[in-house]
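Okay, so here's the structure we're looking at.
None of the figures in this text is laboratory data; all of them are computed from the coordinates on show. Keep in mind the model is a prediction, meaning the values are calculated, not measured. Quick reminder, even Gly has a Cβ in these numbers, built from the backbone with ideal geometry, and neighbours come from all protein chains shown.
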Amino acid sequence: MAEQAAELLWWQRGVIYQIYPRSFVDSNGDGIGDLRGVLQRIDYLSETLGVDAIWLSPFYPSPMKDFGYDVAEYCDVDPIFGTLADFDELLAAAHARGLRVIIDFVPNHTSDQHPWFKESRSSRDNPKRNWYIWADPKPDGSPPNNWLSLFGGSAWEFDAHTGQYYLHSFLKEQPDLNWRNPEVKAAMFEVLRFWLRRGVDGFRVDVAHFLMKDPELRDNPPSAGGLALYKPMGEYDTQIHLYDKGHPDNHALYREFRAVLDEFEPISPRMAVGEIHIADWQEWASYYGEHNDELHMPFNFALINAPWRADVVREVVENVERVLNRGQQPNYVFGNHDEPRIASRIGERAARACMLLLLTLRGTPTMYYGDEIGMVNGDIPPELAQDPWGKNVPGLGLGRDPERTPMQWDSSPNAGFAPAGVRTWLPVNPDYLTRNVAAQLADPRSMLNLTRALLKLRRESPALHSGGYRTLSGDSHVYAFERSAGAQRFMIAINFTAEPRQVALPSGGTLVISTEMDRADERVGEQLSLRPYEAVIVRA
C-alpha cells in the first residue's frame, strides 16, 4: 500500500478547491472578482487552508450572457478579470507554492459573438458554416426536431439571414460547436495546447458528455415523468435526452482528447475532469475509458442533491467502489457554482459532518470556495438577479446566484471582497459580519479550523489520501467506514441525525478529530457514542 501511495499523482492524492473568480476577491474596485484578486489570496489557499490545487471557473473574453460559459475567445483573458500576464503571474505564484492550477474548458459551445460563429452565420457557403450545427426547418417552418434547451424553450434558433436553424443546448447566445467536423476538433485541441504550453496542470471540461449528438438529429422520446436527474428542470424533464447528448462517439473523441494531454506528460502529469451528469453508474464510469484512456475522472455529482441519510450516502459510495476498475480514481463533490450551498441544503451542523466525509472518503475531493467557512445561500432580490437560468425558467428555483455571492473574508464593508462603497456584482450576504475567514481563524472550534485540521490530517496520513476503503456498519442514521494503508488505520463514523446515536466499531482507538472540535485524544471502545450530527475520526 505504501508503494501504491508513492505512485499516486498530484490529482490522485490532493484536494481541489474551486474558485468562481467573479466572487473571490475584487482587486481593482469594480465590484467583480478577478485574477489578481486570487493572487492576493494565494497564501491563504496554499498555507492557511492547505489545499493542493485550484480550479478557476471561466475567465475568457465573453459577453457574459452566462458569466463566461459563453466564450468569445479561448486563448485570452477578459479585461474584467485581468490580462494573460496576470494569469501567468498567478500560475507562477501557485506553482512556487506547490499549488496546481486547473482551468475550465468549455468545448460544447461558444458565444454567438465568437469570430467563428460570426463567420459561420454569415452565409451558407462560408468555410466555417459547418463549424456549428445547422439544419433546415421542417416543411412548416418549425425547428428540425424536438430537442430542448436546458435553459428553457427549443434548442434551435432560426437565422433569417441564411434560412436555417442552429443548435444551442443552452442559451441561444451559446451555439453548439460541430465536433464531427475535423477542423473544429483540430482548432479546439490547439486551444488545449495553448494553455498546456503556458503550464496549466489540468482542465475541468464543461458539460463533457454533450459534445457528440445523434448525427441523424432524431427526436427525443417523451418521458413518463420523474426523470429529473438531480432537481426538477421544468419542460426539459418532459423528454428522455437520448439523442441530444451522450452519443457513443464521445468515447473516441475523449481518447483523442486524452492523447493531447499525454503529449505533455514528459513535462509533468496533466489531468482532465469532466462535468458529466449521468445517473447510470456503468455509463458514468465508461468515461474513464475502457483502458483508462479517456477522462482522468468524470465528476461524481451523486451526493450533491441526495438526501442527507446514512444509507443513501453509503449506497452511493459502495456503487462507486463497485463500478471502478483498477487505476480508476473515485472523486466526490458536495457543492459547486451550480448548486445551493451545502449549509443551506442540509443545515450548518450537518455541513461540518459533510466536510469531514468529503475529506475522508477514498478518492479526489473537490471543495467549493466559502464552504470552508460554512457560507450559506445569499438572499437575492428579484431586481438584482443575474443568472439567466433562473430568469428563463422561473418558479423552479433554478437561479444560481445564491451560491455565487462574494467570498466573506472579514467584517469590513463588503466583507473584504471589494473596497468599501463599491457595489458588488451580487450582494454580499449580510451574515458576513460574523461568518468570515478572519473571525473563524480566531475561533478554535470554527468550521474553518475544522476544515484546516481535516486537510492537514489528510495530507499527513497515507490511509486518508491514498489508502483503501471498507464499509464498517451503518443504517439510515449512522455511516461508519475504514480507511487503511499498511499499519495505519482510521475509522470514520458520521451521525446523520439530530439525535444521539451509538455505533459499533471493530476495535477501539483514539479519537483524532470530532466535528465538535472538543474530543481530541479521547480513548474510545468498540461502542462509540455520537452527538447529534457529529462525525469523528478514530485512529485504530
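Points to keep in mind about this one:
- Sequence-distant residues sharing a close amide H with Arg100 (under 5 Å, placed H): Ala53, Ile54
- Between helix 348-358 and the chain: long-axis angle, C-alpha atoms, 0 to 90°, nearest 10: 80 degrees
- Cα-Cα pairs of the chain separated by more than 34 Å (percent): 39 percent
- Whether the stretch 469-539 is rounded, prolate or oblate, judged on the alpha carbon gyration tensor where a/c under 1.5 counts as rounded: oblate
- Each Lys and Arg contributes +1 and each Asp and Glu -1, all at the Cβ; summed about the Cα centre of the stretch 115-167, the dipole is approximately 160 debye.
- Estimated translational D of the stretch 215-363 in µm²/s (Stokes, Kirkwood radius over Cα pairs; 37 °C; 0.692 mPa s): 189 µm²/s
- Here the spin labels are modelled as points 7 Å beyond Cα on the Cα-Cβ line, and at Glu89 and Glu216 they lie 5.6 nm apart.
- Fully extending the segment from Thr48 to Thr434 would add 137.0 nm, taking 0.36 nm per residue of separation and subtracting the current Cα-Cα distance.
- Where GluC sites (Glu not before Pro) fall in DSSP loop in the stretch 226-323, at most 10 other Cβ within 10 Å: Glu290
- Charges were assigned to the Cβ only: +1 to each Lys and Arg, -1 to each Asp and Glu. The resulting dipole of the chain about its Cα centre is roughly 1100 debye.
- Loop-resident sites, the stretch 417-448, for trypsin sites (Lys or Arg not before Pro), counting at most 14 other Cβ within 10 Å (DSSP): Arg423, Arg445
- Summarising the strand pairing of the chain, around 60 percent of its internal DSSP beta bridges are antiparallel.
- Between helix 447-460 and the chain: long-axis angle, C-alpha atoms, 0 to 90°, nearest 10: 90 degrees
- The Ser411 and Glu119 beta-carbon pair, evaluated with R₀ = 35 Å, returns a calculated FRET efficiency of approximately 0.10.
- Cross-link pairs beyond the 24 Å C-alpha cut-off, checked among Lys118/Lys391; Lys118/Lys172; Lys65/Lys245: Lys118/Lys391
- Charge dipole of the stretch 251-330 about the Cα centre (unit charges at C-beta), most positive-ward option of Gly274, Tyr288, Ile304: Ile304
- Net charge in the neighbourhood of Arg362 (other residues with Cβ under 10 Å of its Cβ; Lys, Arg +1, Asp, Glu -1) is +1.
- Ordering of 336-345, 15-24 by packing [mean C-beta count within 10 Å, highest first]: 15-24, 336-345
- Remark on Tyr332: its backbone amide H falls under 5 Å from those of Thr364, Thr366, a criterion applied only to residues 5 or more positions apart or on other chains, H modelled at 1.01 Å from N.
- Per-peptide packing, taken as the mean over residues of other Cβ atoms within 10 Å, places 473-484, 139-150 in the sequence 473-484, 139-150 from highest down.
- Linear extension gain, Gln488 paired with Ala540, 0.36 nm per residue minus alpha-carbon span: 17.9 nm
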